[in-house]
Amino acid sequence: MLTSTLENAEKRTTPLFNQEDWASAYCNVEKELENVELKVVKGEVPKELCGTFYRNGPGQLERAGTWVHHPFDGDGMIAAMKFKNGRVQLSNRFIETEAWVAEQKAKKFLYRGVFGTKKPGGILANAFDLRLKNIANTNIVKLGNELLALWEASSPHSLDPETLKTNGISYLNGVLKPGEALSAHPKFDPGHHQKKKKMVTFGVKTGPKSKIRLMEFSTEGQLLFDRKDIFNGFAFLHDFAITPNWAIFIQNAIDFNPLPFILGAKGAAQCLSSKRNGQSKFWLIPRDSGQFAGGNPKIFNAPNGFVFHHLNAWEDNDKVTIESIFYEDFPSIGPDQNFREIDFDQLPEGILKRCNINLSNNEISTEILSNQCCEFAMVNPLKQGLRAQYSWMAIAEKKSGNGPLQAIKKLNLLTKKECLWSSAPRGFVGEPLFIPREHSHKEDEGWVVVLVWNGKRSGTDLVILKAEDLKEEAILELPIAIPHGLHGSWVND
Ligand code: CO
């Protein structure tokens, strides 16, 4: 009895992480490498895993002693890890955006950042400079022969999939107008209609009314469907979900007051705030490849809270179900806060919830799938838009409340049974990517790959887990340090 009390007391006092370890990941990526073989420090890389793991995220966080105000303002840098015959080679390269090239030359920041980074020179130097710095840092996907570095407020950059060299801004063969926004969260329809795979994505232009352009492309990059819908109200739409017949959005109840942005005091994203007594909405747009093509969108009240990312959605007769990560409030970093010193206990946690929308009687029901703070959740890509049994996600080590992401969870969405792998106390995980084993009929057969910040050696590790039970397959050390990043994708050979 005494021993167990002591053990519990010890558990309570052992810190789950050290803030300095977590913050040490915020550094500039110093080198660009080409096909450098990674050192395996544990286990073996599965030989069946053949393809490339592309990952995007901020790589430049400081210039001439000036730091970004928020890591999301860091310039995009791509890491590409090529898997072949049990070996992995790394290449990494910055995206040569117009702003990055100019700032490299000037050796200082020349642009303001959306999340509050200011040019040197105080408010006066920043006021009325409303140029958008397209930093291409959010996601990286392959469409046709192009590798697209995505940033949701503007057009994508096209890169060479082999050399990662930037070819320039892509208008997707004339589909996008110059400067037109394209979401950083395309969804890959695994073959909902005649087994033809598609990329479904959107662009949003917002203001007092919001215009959503919904586009579907063949995997070769040809535009197949294109529709535009106008909704009332301001919308901040980072992600969406698809089913065979619907594209589903959540319009968070938030307001945008652009004045501090125009006057140079805040970044555009810092001007977003929760709308008091606001009502979130589901916006369902019929997919033109589906059975309601050409029909009107449907609008329903959504649970309150703020959503960046969705896990998945599916249909069952007249019921549409969507699973999303809800925050109690819009999390932002104020103008006087230092992002390295954020107090996780003060931040709302991300909770995975399932919402059922009954299309015939407008009834909405919500259930919590897991109470543990999570982000970056995904299902088997072959189950995108269909009912999935399993999901993989990054989670905080703490059982409740917010905390840095340190572990990976496999969650059975039917039974709620969980399986965990943790890098705590000194590791911090990025987005886990599930890669299905080819020709497998088991939904959870495959691997999970993830980049982990290793606080002990101040470097980045590539971790490969068996997807079924999250058993460690291999750990490889990268010879560069990559800051906590954003999204990525897997391209089979
Ligand atoms: Co995202």
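What the table shows:
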{"read-out": "So V114, is it more than 27 Å from P258 (Cα to Cα), open to solvent by less than 70 Å² (accessible area, probe 1.4 Å) and among the β-branched types (V, I, T)", "value": "no"}
{"read-out": "Strands (runs of 3 or more DSSP E) completely within region 214-278 that count 3 or more residues being surrounded by fewer than 19 Cβ atoms within 10 Å (Cβ to Cβ) and of a type in the set (A, V, I, L, M)", "value": "223-232"}
{"read-out": "Within region 342-383, tally of residues that are open to solvent by 20 Å² or more (accessible area, probe 1.4 Å) and in a loop (DSSP other than H, G, I, E, B)", "value": "11"}
{"read-out": "Number of the exception - E34 against (1) farther than 29 Å from E146 by Cα; (2) assigned to a loop (DSSP other than H, G, I, E, B)", "value": "(1)"}
{"read-out": "Check on S422, under 23 Å from D21 (Cβ atoms) and out of contact with any strand residue (DSSP E or B) (no Cβ under 8 Å at 6 or more places or on another chain)", "value": "no"}
{"read-out": "Where a residue in region 304-327 is closer than 11 Å to G385 by Cα and assigned to a strand (DSSP E or B) and its partner, wherever it lies, is modelled with pLDDT of 95 or more and open to solvent by 40 Å² or more (accessible area, probe 1.4 Å), with Cβ under 6 Å and at least six apart", "value": "W314/L386; W314/R387"}
{"read-out": "Residues (among the aliphatic types (A, V, I, L, M) and out of contact with any Lys or Arg (no Cβ under 6 Å at 6 or more places or on another chain)) located in region 411-435", "value": "L411, L413, L414, A424, V429, L433, I435"}
{"read-out": "Filter result for D493 (farther than 28 Å from I135 by Cβ, in contact with a strand residue (DSSP E or B) (Cβ under 9 Å, 6 or more places away or on another chain), away from the ligand (no atom under 16 Å from the Cβ) and of a type outside the set (S, T, N, Q))", "value": "yes"}
{"read-out": "Qualifying position, being open to solvent by less than 10 Å² (accessible area, probe 1.4 Å) and not small (G, A, S), among L386, L411, L420, L405", "value": "L411"}
{"read-out": "Number of the exception - D316 against (1) within 16 Å of the ligand (Cβ to nearest atom); (2) open to solvent by 20 Å² or more (accessible area, probe 1.4 Å); (3) acidic (D, E)", "value": "(1)"}
{"read-out": "Matching residues in region 389-399 - criterion: being open to solvent by 20 Å² or more (accessible area, probe 1.4 Å) and under 10 Å from C374 (Cα atoms)", "value": "E397"}
{"read-out": "Residue list for region 222-239, filter: away from the ligand (no atom under 16 Å from the Cβ) and of a type outside the set (V, I, T)", "value": "Q222, L223, L224, F225, D226, R227, K228, D229, F231, N232, G233, F234"}
{"read-out": "Evaluation of T460 against (1) open to solvent by 10 Å² or more (accessible area, probe 1.4 Å); (2) modelled with pLDDT of 95 or more; (3) of a type in the set (S, T, N, Q) (one fails), failing number", "value": "(1)"}
{"read-out": "Long-range neighbours under 8 Å by Cβ, at least six apart or interchain, first residue open to solvent by 40 Å² or more (accessible area, probe 1.4 Å) and basic (K, R) within region 184-199, second within 16 Å of the ligand (Cβ to nearest atom) and at pLDDT 95 or above", "value": "K197/F188"}
{"read-out": "Criterion: modelled with pLDDT of 95 or more and over 22 Å from the mean Cα position of the chain (by Cα) - qualifying residue of K107, K142, K119", "value": "K107"}
{"read-out": "Subset of region 15-35 (residues that are among the acidic types (D, E) and open to solvent by 90 Å² or more (accessible area, probe 1.4 Å))", "value": "E20, E30, E32, E34"}
{"read-out": "Selection from region 257-288 of residues that are away from the ligand (no atom under 16 Å from the Cβ), closer than 30 Å to N126 by Cα and touching a residue at least 40 places away in the same chain (Cβ under 8 Å)", "value": "F261, I262, L263, G264, A265, K266, G267, A268, Q270, S273, S274"}
{"read-out": "Among residues of region 300-312, those that are more than 16 Å from the ligand (Cβ to nearest atom) and either open to solvent by less than 50 Å² (accessible area, probe 1.4 Å) or in contact with a helix residue (DSSP H, G or I) (Cβ under 6 Å, 6 or more places away or on another chain) (or both), counted", "value": "4"}
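The values are calculated or read from the model by the stated rules, or taken from the named source; none is laboratory data. Remember, predicted model here, so these are calculated numbers, not experimental data. Every residue, glycine among them, receives a Cβ derived from its backbone with ideal geometry; neighbour counts consider all protein chains shown. Remember, those area values only see protein heavy atoms, side chains included, never the ligands or the DNA or RNA. Shrake-Rupley method; radii C 1.70, N 1.55, O 1.52, S 1.80 Å.
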